[in-house]
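Worksheet: the structure to be examined is printed underneath.
The values are calculated or read from the model by the stated rules, or taken from the named source; none is laboratory data. Because the structure is predicted, anything quoted here is derived from the model rather than measured. Ideal geometry is used to build each Cβ from the backbone, glycine not excepted, and the neighbour counts take in all protein chains shown. Ligands, DNA and RNA are stripped out before the accessible areas are found, and what is left, the full protein with its side chains, is counted by its heavy atoms. Shrake-Rupley method; radii C 1.70, N 1.55, O 1.52, S 1.80 Å.
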Amino acid sequence: MSAPASARLQQHFESLPKQAHAARLGMWIFLATELLLFGGLFVAYAAYRYLYAAEFARASRHLVTWIGTTNTFVLLTSSLVVALAVHFARHGRGRLSATMLAVGLGLGLAFLGLKALEYAIDVREGLLPVRFLAHRELSGGGAAVFLSLYWLMTALHAVHVTIGMGVLAFVARLSWRGVFSAEYDTPIELGAMYWHLVDLIWIFLWPLLYLVG
Amino acid sequence: MGVAQQEHEASARIGLAHYVAAWGALLALALASFLLSRAGLPEPWSLIVALVIAAVKAALVLLIFMHLWAHRGASRLALGVATTFIVALILLTIADLATRFPIANPPESPRARARLESLPPPPWTPEPNQEPDRQPHYRNP
């Protein structure tokens, strides 16, 4: 059995709730910086969509929409599962929580697998960024910019999904050992927040990249 | 009772039913977004509809899954500030592009192309060079 929650209290905090509050605030600030990271790419997208609206729509129609849409449902469900994991951890059901996190991890893996399949299809069809664009119907600056943004944004997002999966795996192991309770659930809550951010970013990426035309 | 304690108790009130209901709403909104994109709305509206639905989905994820509904104090501020500045950055960049002289835009973009094609033809066109091998004249050789 792990140490009681009170053992987690650091000496510079008055109480465990205050420590948890500080941890959550720190996580929100970090998530805000992650949003700003993607924000730069969204600004580039906005600028070039404004300039090349028709080319963006045409290029978007050539993306593999069924994979993008399936991935949306996969990520939304994984968010639910991870939120449930936090809920169960708070109620002291560590093993159930770890199982839910494992399901979330499986869904994340499904997301990455589908993404890899989609990238393979894109490469085969010649939907490549910048001057590598070699599609039989698409050509020109607007389409190349759209595809560059598509590759950059989805690749950066996939890196974040991978990092999120690592975080979830780490937290799942702690949860399985029964570390979490109503008083101490900080690691699993913060890890879940990172995963939800990954889902949040995809919520915006999906309509802007796949549903344009 | 401090902020931290309030937060802790408010977090506990978000329960199983809330998560599942939020998930259902998210799936429904995703489906709506997909169907509306296929409905062929005219251009500014299709983007606005997509962004509004995405914003509602984002709000659901933030408030319920990430417990922002329960979190108090500066946590909400951090997110609000980041969002405000991203929106400002996007709007100001687009305003920059929208108020440029058209040919200051990339040459292939529709705005620049429209301007270039709307120009009247030049008053004279230079004669084609009849003797391409001839050396050019210089005043002071």
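A few comments on the model shown:
- Annotation note: Cβ proximity below 9 Å between a residue of region A:48-75 that is more than 9 Å from every other protein chain (Cβ to nearest Cβ) and within 18 Å of B:ILE53 (Cα to Cα) and a residue that is among the acidic types (Asp, Glu) and open to solvent by less than 30 Å² (accessible area, probe 1.4 Å) (sequence gap 6+ or interchain) occurs for A:GLY68/A:GLU118; A:ASN71/A:GLU118; A:LEU75/A:ASP199.
- Answer residue from region A:178-213, given it is outside any helix (DSSP H, G or I) and under 25 Å from A:VAL145 (Cβ atoms) and is most open to solvent (accessible area, probe 1.4 Å) among those: A:GLY213
- If you go through region B:33-63 and keep only what is surrounded by 14 or more Cβ atoms within 10 Å (Cβ to Cβ), more than 10 Å from chain A (Cβ to nearest Cβ) and more than 27 Å from A:HIS87 (Cα to Cα), you end up with just B:LEU41.
- The single residue among A:LEU152, A:LEU211, A:LEU156, A:LEU105 that is more than 10 Å from every other protein chain (Cβ to nearest Cβ), farther than 16 Å from A:LEU41 by Cβ and in contact (Cβ under 8 Å) with a residue 12 or more places away in the chain turns out to be A:LEU105.
- Count of region B:64-113 residues, restricted to those that are within 8 Å of chain A (Cβ to nearest Cβ), more than 30 Å from A:LEU84 (Cα to Cα) and open to solvent by less than 70 Å² (accessible area, probe 1.4 Å), is 10.
- Being part of a helix (DSSP H, G or I) and open to solvent by 30 Å² or more (accessible area, probe 1.4 Å) is a description that applies to A:ILE163.
- Unique residue being more than 16 Å from the chain's Cα centre (by Cα) and among the charged types (D, E, K, R) when the list is A:ASP185, A:ASP199: A:ASP185
- Single match in B:HIS71, B:HIS67 (criterion: touching a Phe, Trp or Tyr at 6+ places or on another chain (Cβ under 8 Å), touching a residue at least 40 places away in the same chain (Cβ under 8 Å) and not hydrophobic (A, V, I, L, M, F, W, C)): B:HIS71
- Of residues in region B:1-25 being not small (Gly, Ala, Ser) and not in a helix (DSSP H, G or I), the one nearest to the other protein chains (Cβ to nearest Cβ): B:ILE14
- Matching residues in region A:108-124 - criterion: being buried (at least 17 other Cβ atoms within 10 Å of the Cβ) and in contact (Cβ under 8 Å) with a residue 40 or more places away in the chain: A:GLY108, A:PHE111, A:LEU114, A:LYS115, A:GLU118, A:ASP122
- Across region A:82-106, the number of residues qualifying as under 17 Å from A:LEU190 (Cβ atoms) and not small (Gly, Ala, Ser) comes to 9.
- Check on A:VAL167, among the β-branched types (Val, Ile, Thr), farther than 28 Å from B:LEU26 by Cα, touching a Gly at 6+ places or on another chain (Cβ under 9 Å) and away from chain B (no Cβ under 14 Å): no
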